[in-house]
Structure formats: C-alpha cells, structure tokens
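The values are calculated or read from the model by the stated rules, or taken from the named source; none is laboratory data. A quick note: this is a predicted structure, and the numbers were derived from the prediction, not measured. When we count neighbours, we look across all protein chains shown, and the Cβ atoms used for this are built from the backbone with ideal geometry, even at glycine. For accessibility, only protein heavy atoms count, side chains too; no ligands or nucleic acids. Shrake-Rupley method; radii C 1.70, N 1.55, O 1.52, S 1.80 Å.
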Amino acid sequence: MSETATTDTHCPYCALQCGMGLRRTEGAVPVEVVERPGFPVNLGALCGKGSNAAAVLAPGARLTTPLVRVDGELRPAGWGEALDRIATELSATAATHGRDAVGVFGGGGLTNEKAYLLGKFARVVLGTSTIDYNGRFCMSSAAAGGIRAFGLDRGLPFPVADIPKAGCVILVGGNPAETMPPFVRYLRELQDNGGTLIVVDPRRTRTAELADLHLAPRPGTDLALALGLLHLVVADGRTDEAFIAERTTGWPETRAAAMAHWPEHVEAVTGVPLPQLREAAEMFCAAETAMVLTARGPEQQSKGTDTVSAWINLCLATGNAGRPYAGYGCLTGQGNGQGGREHGQKADQLPGYRKLDDPAARAHVAAVWGVHPDSLPGPGPSAYELLDSLGTKVRSLLLMGSNPVVSAPRSTHITERLRSLDFLAVCDVVLSETAALADVVLPVTQWAEETGTLTNLEGRVILRRKAVDAPPGVRSDLEVLHGLAGRLGHGEGFDTDAEKVFEELRRASSGGPADYAGISYRRIVEQDGVFWPCPDGDHPGTPRLFLDRFATPDGRARFTPVQHRPAAEEPDAEYPVRLTTGRVLAQYQSGAQTRRVEALNSAAPGAFVELHPQLAERLGVADGDRVAVVSRRGRTVTPARLTTAIRPDTVFMPFHWPGEANANVHTNPALDPTSRMPEFKVCAVRLEAVAAA
C-alpha cells in the first residue's frame, strides 16, 4: 500500500460495523481513521470510539510478545515455548481428567473465520464439548425468541435502512445514542418521515430524549409491559385477523394469556401509567407498518426469551411481520455478535447455524472436516455454567477474545474460578484483567492488522481488511490455532489464510439456516456486503427475510403464550433498590481496549452510580460523594451521579471498569431456562454513604 493509499475497512467495535478508511501515517500510531462515505450503513459517520480506534494500534497500548508464568510472574517468552506449554498442559488435562475437562471460551468480537476455526479446533483437535462464548451474554435470548417464533434467528430481518420507512418503532431497552451513535440517524429519519418513536427504558437516556413517547418501567417488568399492550390491542379490536389466520399458529392460547394481564395490573407491576400504555398501543396500531426493536434491557433477564416472545406476539397480532418495513428485530451488541454465534463457537451449534444434536448437521459438517460424525462431541454447558465449573469440572481453559473478570455476572466469583484452574491460556491484544491471571498469554493481531469477515446486525457479511503489518512478535489467532493443532497431532485442516478458512466455512454452512455458500470475498467487496442466506453464487442474498414464508416447517410464524413472572431477585427490606447496568458513550464492553485510549478516558474517566435525588436525599448523599453499592454478591464503591432521568426506585451503573467499581460484582447469574442468559439487567441492592477519607 502506498503512503497515501486508504484501505477500506470497518470499525472494531459494535455490531453496526461502520465503514471507515485507514490511511498510513508516520507517527507511533501507524494509521489514521478517515471517513468512508460510500458504505451504506453509516455513510461516513463515526462515533468517538470509531474515530479513535487506531489508538490501540500504538505499541505502548498492546501486547507484542508472548508471556509465560514462571515462579508466579508473567515473563516474556518465545512463541515456541508458549505454544509448547499450552499444548502440553491441554494434553495433560485431557489425559488425566477427560477431554471435557479442557474448556474453550470465545468472543463475539472474533471474525467469522476465527469463530469457525475455534469451534472446529475444540471439537476435532480437543474433542471437547466444553466450548461457549461471551455472546451468550449478549444475544441469546433474542436468538431463542426469534427461532421460537420464526424458525430462524437473524438480529434484524431487514436492513437498517428500512427502519425510517416504518410508521412506528418501539425500541425496548436500548440506548443507541450512546452504544451505536451512527444508528440514531435512522431514528431521526423515521420521525422526519412522519413516523413515531416509542422508547422503553427505566432511564431517560439520550435515546429516550429523542422519543415521541418514553415509557419508564421498573427493571425486570418488560414482559408485563408487552402483555399489557397486547391486551389493549385485543380489547380495542386492533388485531389483524387476516394475517393471524393466514400466516400464524397458536393465537388462541396467546390471546388468552394476554387477556389475563389487565392494564391496571400491568400499571401496578411496571409503574407505567395507564394513559401512557393506551397511548403506546394507539401509536403502534395507528401506523401502517410498525417495528419492535429490542436490546439488552429486556433480553438480559432470567425470563428474557419469554419477554422477547411477548414483543414478537405484539408484532404478529397486528400483522407487523413478514412484510416490508415491519417486524421484530434485535439490536446486536458485539461487533460480530451475529456471525459469532452462527459458525460453531456456541455450545450447541455447528457452522451454518446447524444444531449440534442434529444427525444430518453432524454428518454434513463432519464430511467437510474429514472426520466421522460420531467423533464430534455433543452440546456442552452455556457460558456462565462453563465459567462456574472452572477448577472443578473444567481444569484447563483456552480463552480467546473475552474478559470475564470484568464482564461476567457475579464477577468476583468467576475471578476466583479462573484463579482455581490448573492452567489458563489467553489470546488477546492487550493485557486484560483476565489475561493478567493467565499462565500463558499470546499477543494476537487486531482488526487493522488482519483480514476477515464479520456479520453485522442486519445479517450483512462484511470484510475487514488488513491495513498495516502487526508489530514483530504478534501472530494472528488463526496462526495460534494452526500451531496448537499441529502440536496436538492435527497438522492439516487449520489454515492460517483467512480467505481459505472462509472458503471452508462456505462449504460447512452450505444448506444450513445461515447459508454463506454463495458469499465470497470478491462479492463482499463489490456489493458492500452480502446478506445471508445466500446459497449460491447466482443468489442475490437476502436483505429481507420472511416476505413469502417464515422459516418454520409449515411456513407460519408461531405465537408463544407467556406469563409475566418476577425477576429472580426482587427488592426487599435488606436490599430495597433495583440495580440495572449498561454502557456509556466513550467506553465499550469490558473497556479492555477503550480504557487505553486517552481521548475516550478523558470523556469517561471512571465508573459512577446514577441515582435519583429523592433516593440521594434519603441517604444523605450529594452529587459526587462516594457511595457503596451492596448486594448479596459483593460491595463496590463509586461516586454518585444525581439525576432526575432515572426512576427513584432504581440505580444504574456502567460495567466498563474493573476492581472496586466493577458493576458485575453485583449482577445476578440467574439463567433464562431457554437461552441460558444471565439476569444482568436487574438485581437487588442497597446504597450506603461512604465517609470522605
């Protein structure tokens, strides 16, 4: 690449996967970010995280040599020594405790190629069923709800450009004004076109400020809210009976379940006034087409799948599914949260979104991998269950692209579990809080130093392209898996070239629900991404799903009757306040990378607890005072931030910081019975004023 050339690529952060350009520079940071106005998702717009993404490429911000623990300390080592140590330890664990005692934990930020090869490595080389990834903490309830209703999970079954063409959008538990700012243009365009925006959030966030109507339910009551709205729709005779008859099943039972949730009862449960409930139902039904978009708020609950189903039921009952500019969608969080769960790093899945317990799926993928179907292990434990078993059932762990010391629920306990392992190996760009506990740390390439595909929140497969060489001493995750596979007796089948891995992924996914067989690197570049499913080279891709039929055996969408139930942990006399968690504009996920960027840290330098002035007055707390947040799982101390934008019975903490400010010390690992999603979004706490030092 010439010094003035620009490489077209994508942001390393959220699932919007904004297009950007990278231009070489002469400074310590080898490239600068420039606009890429031609990419259709963001049209050149970037948030502060994207604009400053190149800062993590600076040598001082990242790892450049393997580290091996000797006499309790991490010390620099050569690649041969580090890989030999990992291979030896994993083999010894399998020999002593069985193959399932070796665990693999991946990440929703890994490229499709990495996620695919990591799943193959676990099942073919290690022969372990113990593999899952942090996307279980992000998308699993929405995925389960989508599969339950439609027979298929794709975050958005339509392009983001369709959103402004709807007549009404209900956004439930999402704050894209801070989590993915370039997305906000679609909400503004919706309103400019005469459409209405309803935001459901216990806080009056930057996104809620944009809404035509803001509903502020108590955390953990989104299911009751959706049922109350459906009750009103039925009672007012606003259902689409023709659509229900022609394209759905299960309506009578679902109707009866909704009618049991009287609006007055829903008002008492949620705290949302009845006039606002009626206004929301009227706005949604008055629109010619309408959408419901959910995010982590309703999904990260111990009833998240049922909550998603309730919102889908509202769409189906009003005929807002399976036609243009209408439907249910999920705002995926992590950069490859969609593709990351499609190709094999999830505990129960094989590439192409095939089920691991399906004999036909096993036979197809085994043939691509050149192994016998019976050699593939069965489904394993979900992410939290895997982490909770460390040091007991799981004795050695290979972790790639995740930081559970900060991001896992009940994080203090998970940190103890990680410390109890016989052996921990971590592949990461930086020395994260989790990597600091490892026995071996491998420095791996990051977004601008490698080529690979990701799948954004629309189901658009895009290509991140290498713009700069990695520093000496850094290798790609694909090279890591190749080196380990060779040492463990599998010298073939683990290519280091991303495009060759993708070609194998295409064959493995062929015929599956997430069919990439017709997608190539060339087509992605020529078409600014290709929407799956795309079964062959002549297929145009599928920007809009379900227009003719749903992906169920009979082609009909399925209603699911659901009932509201309380959160796993409700407030009581000892812990009288609800805690909910989320993100802030300048930081991302566990903060492992963004906390190393000066511009972002100056904008969001540390954690805080957000509380209403009425609650602060009862505690005798002023803005900026240090406050202890205490739960059944731990204690944290952070400055208070007083605001009337939050309910008086609720407090909010962002989850980007480790140590005494780690919000996930408190979060409850109670699991949704279907998705195995932990209940991040609501738990019971008390607050205590902390005397000044």
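On the given criteria, is GLY555 open to solvent by less than 70 Å² (accessible area, probe 1.4 Å), modelled with pLDDT of 95 or more, touching a Cys at 6+ places or on another chain (Cβ under 9 Å) and closer than 28 Å to LEU356 by Cβ? Judged against the criteria, GLY555 is not a match. Of all residue pairs spaced 6 or more apart or on separate chains, those with beta-carbon atoms under 7 Å, a first member in the range 14-32 that is closer than 21 Å to GLY591 by Cα and a second member that is open to solvent by less than 40 Å² (accessible area, probe 1.4 Å) and assigned to a strand (DSSP E or B) are GLN17/HIS10; GLN17/LEU454; GLN17/ILE462; CYS18/HIS10.
What about ASP625, is it more than 26 Å from the chain's Cα centre (by Cα) and surrounded by fewer than 16 Cβ atoms within 10 Å (Cβ to Cβ)? No, not satisfied.
ALA290 meets all of the listed conditions (1) open to solvent by less than 20 Å² (accessible area, probe 1.4 Å); (2) touching a helix residue (DSSP H, G or I) at 6+ places or on another chain (Cβ under 8 Å); (3) under 28 Å from VAL651 (Cβ atoms); (4) not acidic (Asp, Glu) but one, namely (3). Exactly one of (1) out of contact with any Lys or Arg (no Cβ under 8 Å at 6 or more places or on another chain); (2) surrounded by fewer than 22 Cβ atoms within 10 Å (Cβ to Cβ) is unmet by ILE414. Its number? Failing condition for ILE414: (2). LEU481 fulfils the conditions (1) of a type in the set (A, V, I, L, M, F, W, C); (2) open to solvent by less than 10 Å² (accessible area, probe 1.4 Å); (3) touching a Ser or Thr at 6+ places or on another chain (Cβ under 8 Å) except for a single criterion, (3).
Scanning the range 495-530 for residues that are over 16 Å from ALA366 (Cβ atoms), surrounded by 19 or more Cβ atoms within 10 Å (Cβ to Cβ) and in contact with a helix residue (DSSP H, G or I) (Cβ under 6 Å, 6 or more places away or on another chain) yields ALA498, VAL501, PHE502, ASP515, TYR516, ALA517, VAL530.
Pairing each residue of the range 456-477 that is closer than 14 Å to PRO12 by Cβ and open to solvent by less than 30 Å² (accessible area, probe 1.4 Å) with any residue that is among the aromatic types (Phe, Trp, Tyr) and in a loop (DSSP other than H, G, I, E, B), provided the two are 6+ apart or on different chains, yields C-beta distances under 9 Å for ILE462/PHE39. Across the range 359-398, the qualifying residues are those that are part of a loop (DSSP other than H, G, I, E, B) and under 25 Å from LEU442 (Cβ atoms), and the one among them that is most open to solvent (accessible area, probe 1.4 Å) is LYS393. Among the residues of the range 59-116, those that are among the hydroxyl-bearing types (Ser, Thr, Tyr) and either surrounded by fewer than 15 Cβ atoms within 10 Å (Cβ to Cβ) or over 30 Å from GLY452 (Cα atoms) (or both) comprise THR64, THR88, THR93, THR96. Within the range 583-606, the presence of at least one residue that is open to solvent by less than 50 Å² (accessible area, probe 1.4 Å), in a loop (DSSP other than H, G, I, E, B), closer than 21 Å to ALA691 by Cα and free of Cβ contacts under 8 Å to residues at least 60 places away in the same chain is confirmed.
Of everything listed in (1) more than 30 Å from GLU342 (Cβ to Cβ); (2) surrounded by 24 or more Cβ atoms within 10 Å (Cβ to Cβ), the single unmet condition for ASN193 is (2). Could you tell me whether VAL272 is touching a residue at least 24 places away in the same chain (Cβ under 8 Å), among the β-branched types (Val, Ile, Thr) and either within 22 Å of ARG647 (Cα to Cα) or in contact with a Lys or Arg (Cβ under 6 Å, 6 or more places away or on another chain) (or both)? It is true that VAL272 is touching a residue at least 24 places away in the same chain (Cβ under 8 Å), among the β-branched types (Val, Ile, Thr) and either within 22 Å of ARG647 (Cα to Cα) or in contact with a Lys or Arg (Cβ under 6 Å, 6 or more places away or on another chain) (or both).
Each row is one residue, and each column tells you yes or no for (1) free of Cβ contacts under 8 Å to residues at least 12 places away in the same chain; (2) open to solvent by less than 40 Å² (accessible area, probe 1.4 Å); (3) over 22 Å from the mean Cα position of the chain (by Cα).
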{"residue": "ASP201", "(1), (2), (3)": "no, yes, no"}
{"residue": "THR207", "(1), (2), (3)": "no, yes, no"}
{"residue": "ALA211", "(1), (2), (3)": "no, yes, yes"}
{"residue": "ALA224", "(1), (2), (3)": "no, yes, yes"}
{"residue": "ASP236", "(1), (2), (3)": "no, no, yes"}
{"residue": "GLU241", "(1), (2), (3)": "yes, no, yes"}
{"residue": "ALA245", "(1), (2), (3)": "yes, no, yes"}
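Residue count for the range 154-174, restricted to those that are open to solvent by 10 Å² or more (accessible area, probe 1.4 Å) and within 17 Å of GLY304 (Cβ to Cβ): 1. Scanning the range 569-582 for residues that are in contact with a Pro (Cβ under 9 Å, 6 or more places away or on another chain) and open to solvent by 20 Å² or more (accessible area, probe 1.4 Å) returns a single hit, ARG578.
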